[in-house]
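A.B. asks: This is the structure, below, for whatever I ask next.
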Amino acid sequence: MTSRPDPAWSRRAVTTPVFVGRRGPLAVVDQAWEDAGAGRPAVVWVEGEAGAGKTAFLARAVAGRRASAVLTATGDAAETALAHGLLDQLVAGLPPGLLDRFPLLRPDRAPRADPLAVGADLLGALGAVPDDDPVLVVLDDLQWADPASVRALVFALRRLRHDRVLVLAGLRHPGAGPGDAAESGHAQDAWWERLPATGETIRRVRLEGLDPGELSELAAALGRPLGSTGAAERLWRHTRGHPLHARTLLEELPAEVLAGTADVLPAPRSLPSVLLVRLARAAPATEALVVAAAVLGESAPLALAGAVAGLDDPADALDEAVGLGLVEELPGGPPVRIGFVHPLVRAAVRGDLPPTRRRALHAAAAARMAGRAALDHRIAAAAGPDPALATEIEELVAAPGAALAGAEAADLLRAAADLSTDPDERERRLLAATSRLIGDGEIARAVALTGAVEGCRPGPWRSAVLGQLALFTGRFGVAREWFEAALATAPDESGEERPGDRARAGAAAHLAILHLLHGDPERAVATAGVALSQGARGDDVRLPGGLALVLGLAALGRGADARAVLDRATGTDGRPPLVDALIVRGMLAALAGDDPAAAVDLDEAVQRARAGEPVRGLALALAFRPAVADRTGAPDGVIEGFELAVTLARDGGTALPGALAHAFAAEALAVRGRAADARAHLAAAAAAGPRWWGVDVCAAIAAARLAEVSDDPAGVLEALAPTRDEGVRALADGLGMLAPRVLETEALLALGRRGEAAASLAALEERAAGRHRIDVARLRLALEGGRPRSVAETGVGDVAAPHAIARLETEIGRRLLAAGERRAGVDLLRGARDTLARLGAAPWRARCDELLHTAGLTPARADSDDGALGLTPHEEAVVALVARGLTNREIGRDLYITPRTVAYHLSNVYAKLGVASRRELMRLHAT
């Protein structure tokens, strides 16, 4: 081989431009690296089908690691007969001078040099590399390694004993994806079976498809964020998470195609030719059956597909299609159903159809079907304007019993607009479609329609919609102009409820939200009152107006008035509570320190939203919910919960909830001692959208928490600077956001500024409620002394806040130890330590460990109960819900994934943990 490794690998690997997911496999490499650093040589065998991301994984796995040398080599199908070709690449990364000491490693070795003798020189060279850091050996595409190199490598690796060497080996295995040819490269050389020897550990990692959350991450990393909350799941179903196929589609397709709810996405451009060659060789009847099935869906009754194809008996055609690896007969029935072996096969076949033939097949399908299915095929068959069909679609969307999601209804209304001939009807349907998307939280998809909305004639509805698009994308000044323009229009319609009246009321309601974001709760309350007093019906008025009114009243310190408004909306008069009202009440409770009450409301709201009830504030609920769960002592799945909230906000284009989710995640990660991850979330919060005081406060809390767990009180005060603005502090105090005061008081105490700390504590104490009462008790004890023997003696034992209780127990235990009451102090510290270990609060647990050590005890290793299962955050979240007895369907609803995705995660969990059933998994989790 003539290629050589990049010199940049020689000391430090470089990071790859785009890489997402793979936390579990990377953790395997991390452990192998630790072993190698301790003199236990290790091999990690990385397998995956073509395009699974093996090369990118290997690059990320070694990125940033300090190594004595990084030796890299890549197999090539054209060079398998080049003796020692792979080895020549590898040894080029050795320090200068070693090749002179080991001449059989030089390219000018004898042509017939014995591979075992070459391997002996390689072993000597690995042992002679200077420095105490491990040697990294990175081998990619080993299925194409030449036999001589394989023998030399195996000889050397088998004889490693206490050497600091880590080998990462990438190997392609045959996949079951579309277009896989019969050949899959060379079979694995039998010499590799001679590993492991006595000295090294072999670990196997198989790279499977990315899950929907990771696909969303990939899209964002490529600068092509998904424009819909359901787009990631749809892309996963289409590609089954295959990284190369997914990335290709993300780079090839416009955002609106990825975000839409059309029946099928296209296939990557490189794929159809492979599949269509097979189809072109088939009999005409087989080709007709396959293309008819592609028009009908992922699966269809065989009889229907045959009828649409014009076949009297499709049996022979089915046999040939199955033999070609295009379709399969699905289990179950009768009737017999057929489906494509992979979604991309269907996409390739359907994408190759000429438009005229595709429309004709849709028309044939519509003629043989009824109801909604027939309507969908009629829409797909339409070749131009059809006012009657447009009216039928609009009536379907408006029907009282139509259970259509906002995005689905919006797509139907868009289709109706495109089929319309009358300009008024076209604009009305377009504005209705955009409003549906906004109401469903699909802001990114709605923003994509901005140009079309701007093309509508001036009017209050147009202005209100454009104002909302500007508001939700952070263009606050533009939003204000549009809302004021809507409010300035004069009523000119007749009727009981004029469309312009509702648009003007909606503009006022959203203008109230804008006042709140600008830190002007008085104007927010006044403007919301105007909006709600106009009598316009609809969630686009009631929900934003109610949110601005309640939060504005609370921020003004009028908590009783805010609760009265909420009580009228949350069912105290016998009506079922509105889901969005529950979300607002849960948010207020969380901000004010009443996490148990917040958990009840937010859990109910999320469950009802997942059951199909209409909700606009789901992204906010998902941002607050994991933070509340964490503080109430339910840490399982918390980080996964934040990832879900971030993904939903990012895919939906809702910047404000996304920024909050990042800030909340940063604090939770800081408490877990994961400083780098916390800082990454803080950076993401700053970049997620426009700055406003609420995100500034939450981000300041997280940054201060990072400084606090690092024993940096000066850094705490510096991080809290944004919260010392008088206006911001008044707003935070009104909502009960007292964490800045808690952190400030603690930092002042640590700096010895006791007078300032006393004043800060007094201001905190007069406002404290909920979990903040525990903080007050701890800080009062630190400031004034005293020797309570239990939390109960401080008067705050009735508050459900395990983090805060454990920290108070730590302070009481410390004081008891200092007073010579060792037994009582140790008992409290052990209890606090166990609680903090269960919650994953590593920095605070470490402080308990230090105190126990000074008392003559040796606590368990700090990492003894972290990551023991080796599961990814996604898998941990699934396991936690399985342990609660939930079914796959229930878990899917809770995590916003499909049951198939749940089953995918469970199969990985079973393999990692060596269990075969849910019962075994639950028993293992309980221990």
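The values are calculated or read from the model by the stated rules, or taken from the named source; none is laboratory data. The structure displayed is predicted, hence computed values, not measured ones. We place every Cβ from the backbone using ideal geometry, glycine too, and count neighbours over all the protein chains shown.
A.B. asks: Please enumerate the residues belonging to segment 876-918 that are modelled with pLDDT of 85 or more and of a type in the set (D, E, K, R).
C.D. replies: R884, R918
A.B. asks: Just wondering, is there one or more residues in segment 627-646 that are surrounded by 24 or more Cβ atoms within 10 Å (Cβ to Cβ) and of a type in the set (D, E)?
C.D. replies: So far as segment 627-646 goes, yes, one or more of its residues are surrounded by 24 or more Cβ atoms within 10 Å (Cβ to Cβ) and of a type in the set (D, E).
A.B. asks: Among the residues of segment 153-170, how many are charged (D, E, K, R) and more than 25 Å from A63 (Cβ to Cβ)?
C.D. replies: 3
A.B. asks: I would also like to ask the following. Have a look at E793, E756, E784 and point out the one that is acidic (D, E), farther than 21 Å from L588 by Cβ and modelled with pLDDT of 90 or more.
C.D. replies: The conditions single out E756.
A.B. asks: Taking segment 631-648, which residues are outside any loop (DSSP other than H, G, I, E, B) and either free of Cβ contacts under 8 Å to residues at least 40 places away in the same chain or on the phi > 0 side of the Ramachandran plot (or both)?
C.D. replies: Selection gives V638, F642, A645, V646.
A.B. asks: Just a yes or no: is a residue in segment 98-108 in contact (Cβ under 8 Å) with a residue 40 or more places away in the chain and not acidic (D, E)?
C.D. replies: No, there is no match, as no residue in segment 98-108 is in contact (Cβ under 8 Å) with a residue 40 or more places away in the chain and not acidic (D, E).
A.B. asks: Being of a type in the set (A, V, I, L, M, F, W, C) and touching a residue at least 60 places away in the same chain (Cβ under 8 Å) narrows it down to one residue among A365, A410, A452, A382; which is it?
C.D. replies: Of the residues listed, the single one that is of a type in the set (A, V, I, L, M, F, W, C) and touching a residue at least 60 places away in the same chain (Cβ under 8 Å) is A365.
A.B. asks: Let me ask something else. Within segment 9-21, is even one residue buried (at least 18 other Cβ atoms within 10 Å of the Cβ), at pLDDT 80 or above and aliphatic (A, V, I, L, M)?
C.D. replies: Yes - at least one qualifying residue is present in segment 9-21.
A.B. asks: Within the bounds of segment 298-309, is there any residue that is touching a strand residue (DSSP E or B) at 6+ places or on another chain (Cβ under 9 Å), assigned to a loop (DSSP other than H, G, I, E, B), within 30 Å of L404 (Cβ to Cβ) and in contact (Cβ under 8 Å) with a residue 40 or more places away in the chain?
C.D. replies: So far as segment 298-309 goes, yes, one or more of its residues are touching a strand residue (DSSP E or B) at 6+ places or on another chain (Cβ under 9 Å), assigned to a loop (DSSP other than H, G, I, E, B), within 30 Å of L404 (Cβ to Cβ) and in contact (Cβ under 8 Å) with a residue 40 or more places away in the chain.
A.B. asks: Shifting gears a bit: So which of A768, A782 is among the small types (G, A, S) and part of a helix (DSSP H, G or I)?
C.D. replies: A782 is the lone residue from the list that is among the small types (G, A, S) and part of a helix (DSSP H, G or I).
A.B. asks: Please report, ordered by residue number, the helices (runs of 4 or more DSSP H) entirely within segment 524-611 with at least 2 residues that are over 30 Å from A634 (Cβ atoms) and at pLDDT 90 or above.
C.D. replies: Where helices (runs of 4 or more DSSP H) fall fully within segment 524-611 and carry at least 2 residues being over 30 Å from A634 (Cβ atoms) and at pLDDT 90 or above, they are 539-555.
A.B. asks: Another one. Six or more apart or on different chains, Cβ under 8 Å: which pairs go from a residue in segment 70-90 that's assigned to a loop (DSSP other than H, G, I, E, B) to one that's among the basic types (K, R)? Could you list them?
C.D. replies: Within 8 Å, the pairs are H84/R109.
A.B. asks: Determine if segment 318-333 includes at least one residue that is at pLDDT 90 or above and assigned to a loop (DSSP other than H, G, I, E, B).
C.D. replies: No, segment 318-333 contains no residue that is at pLDDT 90 or above and assigned to a loop (DSSP other than H, G, I, E, B).
A.B. asks: Mind checking whether some residue in segment 52-62 is modelled with pLDDT of 80 or more, closer than 24 Å to H162 by Cα, surrounded by fewer than 22 Cβ atoms within 10 Å (Cβ to Cβ) and of a type outside the set (V, I, T)?
C.D. replies: no
A.B. asks: Looking at (1) at positive phi; (2) buried (at least 18 other Cβ atoms within 10 Å of the Cβ); (3) not hydrophobic (A, V, I, L, M, F, W, C), which one does H342 not meet, given that it meets all the others?
C.D. replies: Looking at each condition in turn, H342 falls short on (1).
A.B. asks: Also: Return a yes/no flag: does segment 453-473 have any residue that is more than 21 Å from T489 (Cβ to Cβ) and aromatic (F, W, Y).
C.D. replies: So far as segment 453-473 goes, yes, one or more of its residues are more than 21 Å from T489 (Cβ to Cβ) and aromatic (F, W, Y).
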